[in-house]
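First comes the structure, then the notes that go with it.
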Amino acid sequence: MTIRLTNSRTRRKEAFEPLDPSNVRLYVCGPTVYDRAHIGNARPVIVFDTLYRLLRHVYGAAHVTYVRNFTDVDDKINAEAQRRKGLGRPESLEELIRERTEETIAWYHADMDAMGALRPAIQEDRSPEGLRRAEPRATEYIGAMIAMIEGLIAKGHAYEREGHVLFRVRSYAAYGALSGRSVDDMIAGARVEVAPFKEDPMDFVLWKPSDAGLPGWPSPWGRGRPGWHIECSAMSYELLGESFDIHGGGLDLQFPHHENEIAQSCCAHPQGSFARYWLHNEMLQVEGKKMSKSLGNFFTVRDLLDQGFPGEVIRFVYLMTHYRSPMDWTAEKARQAEAVLRKWRAATADVAAGEVLPGVVEALADDLNTAGALAALHAAAGAGDWAGVKASAGLLGLLQDGMGDWAAAPEADLKAHAARLAELRAAAMASKDFAAVDAMKAALLAAGVEVRMSKAGVELVPGAGFDAAKLADL
RNA sequence: GGCGGGUUGGCGGAGAGGUUACGCAGCGGAUUGCAAAUCCGUGAAGACCGGUUCGAUUCCGGUACCCGCCUCCA
């Protein structure tokens, strides 16, 4: 089975060949943990979770390493901690920062778990320590960042000015290759704010000084904190080595974040290749518009869950669109996804998973064609191959045990009602007066009960909107 | 201004230079006292203008419109 992926670095779909099939290594840029994850944040999580599942299927679960970081050094986190301090909290700023990042990470885990995303892991090491290593926090790798920055200075790729350390972009000839821009064009764009101590307008910060009101760590350049980009370079090096297979993230990170990562990593470790395949997911919109707080169409994953959209339904909606196309979140799509999942859930409830369908694997292996994989699932469903559907849906993170409570029929004993209705119906068939039957049927429907009457008899199925209280009068 | 992506049937959304995508909705039928559920069947597309080709929705060029990045937003 050959996996083909669109490599942003070459702008082509390429056959994926891992450096080491016994340990395929994937790094994905994770969230800055300052607030609840919004539904845009969820897209790379689901996209790369699907890739992770595919890699595990092809190479074996114990032969895949998936690392995704938490950025817990950030001005927005500082601002929230300072706000709490301003409210009179007695803790230190550091403690308040810790409090904010810890609660945000817990939310993130809960929300992503709800959508069926697997936690990153280093070769299936699911011990608490192992899982924690697979989700590294920037604050726990400050030493590695400082070491990398020192190396860059020693090699002439970085310089110190006024407590800052800056990366010398002109020292890396390939700068701009990933995002297809030239340093000169970008400067010509003239939207770059130039600090006076920069040698070149495009140089970016590796380390910056912190005053007393900001978190800081001791360094050769004084007390300070790292720039944003260096954390991913340092952590991927520590956990995956100087060369690894796949680096993923949202398209908006391609420049400058990933470009700067490449510059830092390739200059610090020129003998390595850093990431060989770069994958970028397109952005998400809501009802056709960019999601923004000012437009009032800003949702967190938790908002959707609280509104009653099951995590599995949200996941299905994301999988309906190819990861390299812009995706629109709409209520109509969620309705469609729910209808299909409800049907599949009901049909596979008592079915044992069989063999994974080749068509599903082939679609995913073709640049993560999740829409094609869903089509293959529909085809199998149409053919009645529910064992295949159940097995293959697992590759997409769907129809998993523990995620289907939302689709389960509510507990209710309707036998007495069914018997009563059958009785009324039998009488009506003789008298040709169906008024009593129709009245009872209407009452049942109003209570959210699906009424199925056939020659075989009467069947009552509690539906999604089942309300036992409304049956009390019957 | 620079760079990149997109435009497919009522809606969503794929692949493929020529043969049914698929799903949702609709319509017709079976079934039902009527429905529901289920099953069967079915119409409907490729922004616009050129070019290449025996043949293009699919390749190439242009136009229009939309979107993203260039501002530590995935």
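The values are calculated or read from the model by the stated rules, or taken from the named source; none is laboratory data. What you are looking at is a predicted structure, and each value in this text was computed from that prediction instead of being measured. All Cβ positions, even for glycine, are placed from backbone atoms using ideal geometry, and neighbour counts span all protein chains on display. With ligands, DNA and RNA removed, areas are computed over all heavy atoms of the protein, side chains included. Shrake-Rupley method; radii C 1.70, N 1.55, O 1.52, S 1.80 Å.
Need at least 1 residues that are among the charged types (D, E, K, R) and at pLDDT 95 or above per element, so show me which strands (runs of 3 or more DSSP E) inside the range A:1-111 make the cut, counting only ones lying wholly within it. Explain how you work it out, then say what you get.
Numbers: elements: A:4-7, A:12-15, A:24-28, A:64-68.
Passing ranges, in order: A:24-28, A:64-68.
(1) at pLDDT 90 or above; (2) touching a strand residue (DSSP E or B) at 6+ places or on another chain (Cβ under 6 Å): which one isn't true of A:N297, the others all being true?
Here A:N297 clears every test but (1).
From A:S454, A:S431, which residue is more than 40 Å from the chain's Cα centre (by Cα), closer than 21 Å to A:K343 by Cβ and polar (S, T, N, Q)?
On the way: A:S431 fails: closer than 21 Å to A:K343 by Cβ.
Result of the check over A:S454, A:S431: A:S454.
I'd like the full set of residues that are within 22 Å of A:D252 (Cβ to Cβ) and aromatic (F, W, Y), limited to the range A:303-360.
A:Y318, A:Y323, A:W329, listed by residue number.
Specify which of the listed residues (A:Y172, A:Y141, A:Y159) is assigned by TED's automatic domain parsing to the domain that holds A:I262, over 21 Å from A:C29 (Cβ atoms) and either touching a strand residue (DSSP E or B) at 6+ places or on another chain (Cβ under 8 Å) or not small (G, A, S) (or both). Please lay out each step first, then the result.
Values: A:Y172 fails: over 21 Å from A:C29 (Cβ atoms); A:Y141 fails: over 21 Å from A:C29 (Cβ atoms).
One residue alone meets the criteria, A:Y159.
If the requirement is being open to solvent by 40 Å² or more (accessible area, probe 1.4 Å) and either away from RNA strand B (no atom under 11 Å from the Cβ) or not assigned by TED's automatic domain parsing to the domain that holds A:G249 (or both), which of these qualifies: A:R36, A:R56? Break it down into steps so the answer makes sense when it comes.
On the way: A:R36 fails: either away from RNA strand B (no atom under 11 Å from the Cβ) or not assigned by TED's automatic domain parsing to the domain that holds A:G249 (or both).
Testing whether each residue is open to solvent by 40 Å² or more (accessible area, probe 1.4 Å) and either away from RNA strand B (no atom under 11 Å from the Cβ) or not assigned by TED's automatic domain parsing to the domain that holds A:G249 (or both) leaves just A:R56.
Which residue out of A:L460, A:L424 is open to solvent by 20 Å² or more (accessible area, probe 1.4 Å), outside any loop (DSSP other than H, G, I, E, B), out of contact with any Leu (no Cβ under 6 Å at 6 or more places or on another chain) and modelled with pLDDT under 90?
On the way: A:L460 fails: out of contact with any Leu (no Cβ under 6 Å at 6 or more places or on another chain).
Result of the check over A:L460, A:L424: A:L424.
Among the listed residues A:V351, A:V361, A:V389, which satisfies the condition of being more than 8 Å from RNA strand B (Cβ to nearest atom), in contact with a Phe, Trp or Tyr (Cβ under 8 Å, 6 or more places away or on another chain) and over 22 Å from A:G463 (Cα atoms)?
Numbers: A:V351 fails: over 22 Å from A:G463 (Cα atoms); A:V361 fails: in contact with a Phe, Trp or Tyr (Cβ under 8 Å, 6 or more places away or on another chain).
Just one listed residue meets the conditions, A:V389.
Conditions (1) closer than 29 Å to A:H109 by Cα; (2) away from RNA strand B (no atom under 13 Å from the Cβ), marked per residue:
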residue	(1), (2)
A:T139	yes, yes
A:I142	yes, yes
A:K155	no, yes
A:E160	no, yes
A:A195	no, no
A:V205	no, no
A:S210	no, no
A:S219	no, yes
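Can you tell me how many residues in the range A:128-157 are open to solvent by 40 Å² or more (accessible area, probe 1.4 Å) and not in a helix (DSSP H, G or I)?
Total satisfying the criteria: 1.
What is the number of the single condition among (1) within 11 Å of RNA strand B (Cβ to nearest atom); (2) open to solvent by 50 Å² or more (accessible area, probe 1.4 Å) that A:A380 does not meet?
(2)
Among the candidates A:D125, A:D74, which residue alone is surrounded by fewer than 21 Cβ atoms within 10 Å (Cβ to Cβ) and closer than 28 Å to A:V286 by Cβ? Show your work before the answer.
Numbers: A:D125 fails: closer than 28 Å to A:V286 by Cβ.
Testing whether each residue is surrounded by fewer than 21 Cβ atoms within 10 Å (Cβ to Cβ) and closer than 28 Å to A:V286 by Cβ leaves just A:D74.
Mind listing whichever residues of the range A:264-319 are more than 19 Å from A:G404 (Cα to Cα) and assigned to a helix (DSSP H, G or I)? Write out each step before concluding.
Restricting attention to the range A:264-319, the residues satisfying the condition of being more than 19 Å from A:G404 (Cα to Cα) are A:264-300, A:303.
Matches in the range A:264-319: A:Q264, A:S265, A:C266, A:C267, A:A268, A:D303.
In the range A:287-333, which residue that is touching a helix residue (DSSP H, G or I) at 6+ places or on another chain (Cβ under 9 Å) and open to solvent by 60 Å² or more (accessible area, probe 1.4 Å) is farthest from RNA strand B (Cβ to nearest atom)?
Among them, the one singled out is A:R302.
Hey, any hits in the range A:435-454 for a residue that's within 30 Å of A:L54 (Cβ to Cβ), open to solvent by less than 40 Å² (accessible area, probe 1.4 Å) and at pLDDT 85 or above?
Of all residues in the range A:435-454, those within 30 Å of A:L54 (Cβ to Cβ) come to none.
So far as the range A:435-454 goes, no, none of its residues is within 30 Å of A:L54 (Cβ to Cβ), open to solvent by less than 40 Å² (accessible area, probe 1.4 Å) and at pLDDT 85 or above.
Looking at the range A:120-151 only, could you name the residues that are of a type in the set (D, E) and free of Cβ contacts under 8 Å to residues at least 40 places away in the same chain? Break it down into steps so the answer makes sense when it comes.
If we filter the range A:120-151 for residues that are of a type in the set (D, E), which is where we start, we get A:124-125, A:129, A:135, A:140, A:150.
Within the range A:120-151, A:D125, A:E129, A:E140 qualify.
What number of residues in the range A:335-388 are among the basic types (K, R) and under 22 Å from the mean Cα position of the chain (by Cα)?
1
Test of understanding: among A:E91, A:E17, which residue is more than 14 Å from the chain's Cα centre (by Cα) and more than 22 Å from A:G241 (Cα to Cα)?
Details: A:E17 fails: more than 22 Å from A:G241 (Cα to Cα).
Every option except A:E91 fails the conditions.
So how many residues does the range A:80-110 have that are open to solvent by 20 Å² or more (accessible area, probe 1.4 Å) and either free of Cβ contacts under 8 Å to residues at least 24 places away in the same chain or more than 28 Å from A:L206 (Cβ to Cβ) (or both)?
Of the residues in the range A:80-110, 19 are open to solvent by 20 Å² or more (accessible area, probe 1.4 Å) and either free of Cβ contacts under 8 Å to residues at least 24 places away in the same chain or more than 28 Å from A:L206 (Cβ to Cβ) (or both).
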